[in-house]
Amino acid sequence: MSNKIVKVVQAQVEAYNAGDIDAFAESYHDNLSLFIFPNESFCQGKAQLREQYSKRFTDRPNAKATIASRVVMGKFVIDDEIVTGIPDAHTLELGTIRALAIYEVEGTLISKAWFIYQPNSN
């Protein structure tokens, strides 16, 4: 099972880096839920995912995620991500953020994800 869950999470990261909304959305269940850790919901369902991430890919064309480390346990994948090319809200200069992403995989698709962000560092 762990190879399958790592494969879908890695495919999602690669689609994010390519700005490919179709490949990105294919990694997720239709009834997905995304949260800012621990329980602040910001996206429910594939239609919302497509809408929100299409805008992100357009607004942040230089954003790229690099996986610093990855832990797999059962149906969970935890990625320590370094995301570059994120505009600072105040200066609009491109910066870097660190994020922990916790993905829950059901079958071969991501069903839930929680994100913890460290502030922008330019």
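Rule-based calculations on the coordinates, nothing more; no lab input. Because the structure is predicted, anything quoted here is derived from the model rather than measured. Here Cβ is always computed from backbone atoms with ideal geometry, including for glycine, and neighbour counts include all displayed protein chains.
Okay, here's what the table says:
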{"read-out": "Estimated FRET transfer efficiency when R0 is 25 angstrom, pair Leu94-Ala47 (beta carbons, to 0.05)", "value": "0.30"}
{"read-out": "Estimated [θ] at 222 nm from DSSP helical runs (n ≥ 4, -39500 (n - 2.57)) normalised by residues in the chain, nearest 500", "value": "-10000 deg cm²/dmol"}
{"read-out": "For Thr108, residues with placed amide H under 5 Å, excluding near neighbours", "value": "none"}
{"read-out": "Nearest 10 degrees, 0 to 90: helix 45-59 Cα axis against the chain principal axis", "value": "30 degrees"}
{"read-out": "Residue order, fewest to most beta carbons within 10 Å, for Ile86, Ile36", "value": "Ile36, Ile86"}
{"read-out": "Karplus 3J(HN,Hα) series, Hz, for segment 77-85 with 6.51 cos²θ - 1.76 cosθ + 1.60 (x for Gly, Pro)", "value": "10, 10, 10, 9, 10, 10, 10, 9, x"}
{"read-out": "Nearby lysines by direct alpha-carbon distance to Lys4 (threshold 18 angstrom, same-chain neighbours under 8 apart not counted)", "value": "Lys75, Lys112"}
{"read-out": "Ser111/Thr58 FRET efficiency (R0 22 Å; Cβ-Cβ; nearest 0.05)", "value": "0.25"}
{"read-out": "The chain: angle of helix 2-18 to the longest principal axis, Cα-based, in degrees nearest 10", "value": "30 degrees"}
{"read-out": "Solvent-free Debye scattering, log10 I(q)/I(0), computed from the Cα coordinates of segment 2-121 at q = 0.16 Å⁻¹", "value": "-0.74"}
{"read-out": "Segment 19-122: GluC sites (Glu not before Pro) falling in loop per DSSP and having at most 12 other Cβ within 10 Å", "value": "Glu93"}
{"read-out": "Beta bridges by DSSP in the chain, antiparallel share as percent, to the nearest 5", "value": "85 percent"}
